[in-house]
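The block underneath contains the structure these notes are about, expressed in structure tokens.
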Amino acid sequence: MNNIHIKNYKKIHMIGIGGSSMSGLALMLNDLGYIVTGSDESNSYTLSALHEKGIKTIVGHDPLNLGDAELVVYTAAVPEINPERIAATNKGIPQIERKILLGQLMENYDKSICICGTHGKTTTTGMVAKTLLDCGFNPSVHIGGSLGSIGGSTRLGSLDYFVAEACEFNASFFSMYPDIAIVLNIKEDHLDFYKDIDDIENSFRTFLANLSEDGIAIGCGDDERVKKLLLEKKNYVTFGFEKDNDCYPINIEFLEDACARFDIVYKGKIIANLKLNVPGRVQIIDALAAFLTAYILGAKCDEIVASLSHFEGVKRRFEHTGTYEGVKVYNDYGHNPEETHQVVETANMLPHNKLWVVIQPHTFTRVKKFFNDYVHCADLADKILFTDIFASREKDPGDISSNDIVLAMKERGLDAYYTPSFEDALKLLVENWEEGDIVITLGGGDINKLNIAIDDYFKE
């Protein structure tokens with residue numbers, strides 16, 4: 001695999017092309033002049049978007065999908081027994097994993113800026129990308145979500161800066177060699193791949209070991225594990241809520257729209273005042289990371305503030321998808337209990353009558369490991385719905401279900417419901433919600449289809 005490089009090929013087939021990262025890479029390769037095809041197990045809006053760009057996409061996996069491909073790129077979720085991978089092996093077509101492709105693309109840039117962390121990396125990457133773009137840096141971008149200001153998940157700019165979301169799953173970020181590394185937090189997750197939290201911490205340590213000799217680590221000093229890793233580096237800067245960080249907010253005020261306004265302190269001096277356009281306390285941390293990155297690169301404070309104050313979020317990150325019968329409906333990608341709690345906390349800050357939360361748990365492994373956390377993740381909600389677990393890369397072991405969480409919630413006195421399908425959830429919602437309510441759907445699978453179904457229901 002180390003001898004396989006995309007510069008030596010022209011026709012590339014991508015297995016799992018519908019994923020947020022893979023679809024973005026497909027667009028980037030297409031813009032670079034490669035001939036790209038791809039397949040995915042199910043149809044999605046990402047496949048439609050790729051098709052509109054002239055990229056041939058196929059629903060389902062079949063050896064014939066390879067066509068005359070010279071190189072195959074696959075995601076970590078695609079096993080060796082995938083029929084297209086088997087066919088590629090039999091035909092002698094070289095294959096590389098998605099993370100290798102991303103690392104190879106980044107090699108061409110003078111400075112790479114990589115954003116990692118268990119939570120918040122997509123939003124922070126979006127903030128960094130938009131801010132640098134607005135401040136005249138013309139970055140190339142790869143993000144695990146769709147960002148309106150760049151028209152999607154990727155952008156080709158100059159060869160000076162590459163901004164990329166760095167994911168820890170399957171040690172994907174080991175293929176990146178950043179000049180600036182932003183570390184937001186280190187928490188337990190992806191325990192189908194990592195042994196424990198110490199193993200996760202060590203993976204972030206390995207990633208930071210890839211930092212260039214004169215590179216700088218920018219990390220959240222409120223997180224003890226992040227802080228420990230920063231102290232091992234030669235050049236680092238900290239941010240967070242605590243005042244022992246190099247950069248922190250003061251005079252925090254939440255307005256009626258749940259968006260924060262605050263002063264930014266850096267090296268003991270107030271250097272800016274920022275009013276965010278995205279709601280929630282956690283967004284303050286993401287904004288500080290983005291602000292600090294642009295400031296260190298030489299951007300002017302007023303330009304950074306102007307950009308961040310107009311940041312409208314990334315698709316599927318507390319995204320308002322519509323208002324129906326006076327009920328505001330949102331969708332968020334939060335796919336573990338901690339992220340769910342943060343989103344519910346943010347939604348609860350908005351003016352509302354009742355708060356409805358619809359959760360699609362992500363993977364059986366995660367539900368088993370964090371079962372008690374799931375039981376408590378939506379305590380602030382008035383009504384809680386759980387759809388079936390999204391299996392993703394796993395098979396149903398038959399010994400855990402969303403209904404188990406619902407039953408445990410009911411024992412705690414919470415108003416929880418098991419709605420296996422999106423149809424079940426839709427029916428319960430529209431028959432019981434009232435004007436002034438808020439609905440937030442949560443999950444890293446396809447829960448956003450429920451939002452689409454709600455919209456379709458009121459169009460009929």
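Around the amide H of Tyr236, modelled in the peptide plane, lie the amide H atoms of Ala217, all under 5 Å away and 5 or more residues distant in sequence or on another chain.
Looking at the chain alone, DSSP beta bridges between its own residues are antiparallel in about 30 percent of cases.
Give the label of the value calculated from the structure for volume of the Cα convex hull per residue in Å³, choosing from [x] 126; [y] 146; [z] 174. Correct label is [y]. Residues whose amide H falls under 5 Å from that of Val163, counting only those 5 or more places apart or on a different chain, are Ile113, Ser140, Val141, His142, with hydrogens built in the peptide plane.
What is the range 1-159 by shape, rounded, prolate or oblate, if you read a ≥ b ≥ c off the alpha carbon gyration tensor as root eigenvalues and call it rounded for a/c under 1.5, prolate for a/b larger than b/c, and oblate otherwise? The partial results should precede the final answer.
Details: a/c = 1.90, a/b = 1.63, b/c = 1.17.
It is prolate, given that a/c is not under 1.5 and a/b is the larger ratio.
Straight Cα distances below 19 angstrom link Lys91 to the aspartates and glutamates Asp62, Asp68, Glu70, Glu80, with same-chain residues fewer than 8 positions distant left out. Remark: the range 196-212, residue by residue, has Karplus-estimated 3J(HN,Hα) of 6, 5, 5, 5, 5, 4, 5, 5, 5, 4, 5, 4, 5, 5, 7, 4, 4 Hz, where x stands for each Gly or Pro and the curve is 6.51 cos²θ - 1.76 cosθ + 1.60 at θ = phi - 60°.
Put Leu407, Leu25 in order of accessible area, highest first, and with a 1.4 Å probe you get Leu407, Leu25. Summarising the amide proton neighbourhood of Met14: residues at separation of 5 or more, or on other chains, whose placed amide H is nearer than 5 Å comprise Thr37, Gly38, Ser39, Val73.
Starting from 0.36 nm per residue, how many nanometres of slack lie between Tyr45 and Arg393 once their C-alpha separation is accounted for?
Working: separation 348, 0.36 × 348 = 125.28 nm, distance 2.00 nm.
Net length gain for the segment: 123.3 nm.
Under 12 Å of direct C-alpha separation, and excluding same-chain neighbours fewer than eight residues apart, Lys410 reaches these aspartates and glutamates: Asp379. Taking GluC sites (Glu not before Pro) across the range 156-263, the ones in a DSSP loop with at most 15 further Cβ atoms lying within 10 angstrom of their Cβ are Glu213, Glu232, Glu242, Glu256. Remark: for residue pairs Lys56/Lys130; Lys195/Lys369; Lys99/Lys233; Lys10/Lys53, the C-alpha separation exceeds 20 Å in Lys56/Lys130; Lys99/Lys233.
Sequence gap of 8 or more, or different chains, plus Cα separation below 22 Å: how many lysine pairs satisfy both in the range 266-355?
Numbers: Lys267/Lys275; Lys267/Lys300; Lys269/Lys300; Lys275/Lys300; Lys275/Lys315; Lys315/Lys328; Lys328/Lys354.
So the count of such lysine pairs works out to 7.
Let me have the relative contact order for the chain, percent, based on Cα pairs under 8 Å that are six or more residues apart.
Relative contact order, the chain: 11 percent.
Can you sort Leu64, Leu297, Leu380, Leu230 by 1.4 Å-probe accessible area, starting with the largest?
Numbers: Leu64 150, Leu297 35, Leu380 75, Leu230 0 Å².
Descending order: Leu64, Leu380, Leu297, Leu230.
The values are calculated or read from the model by the stated rules, or taken from the named source; none is laboratory data. On a predicted model such as this, the values are computed, not experimentally measured, just so you know. Cβ coordinates were reconstructed from backbone atoms using ideal geometry, including for glycine residues, and neighbour counts include every protein chain displayed. Note: areas computed on protein heavy atoms with side chains; ligands, DNA, RNA excluded. Shrake-Rupley method; radii C 1.70, N 1.55, O 1.52, S 1.80 Å.
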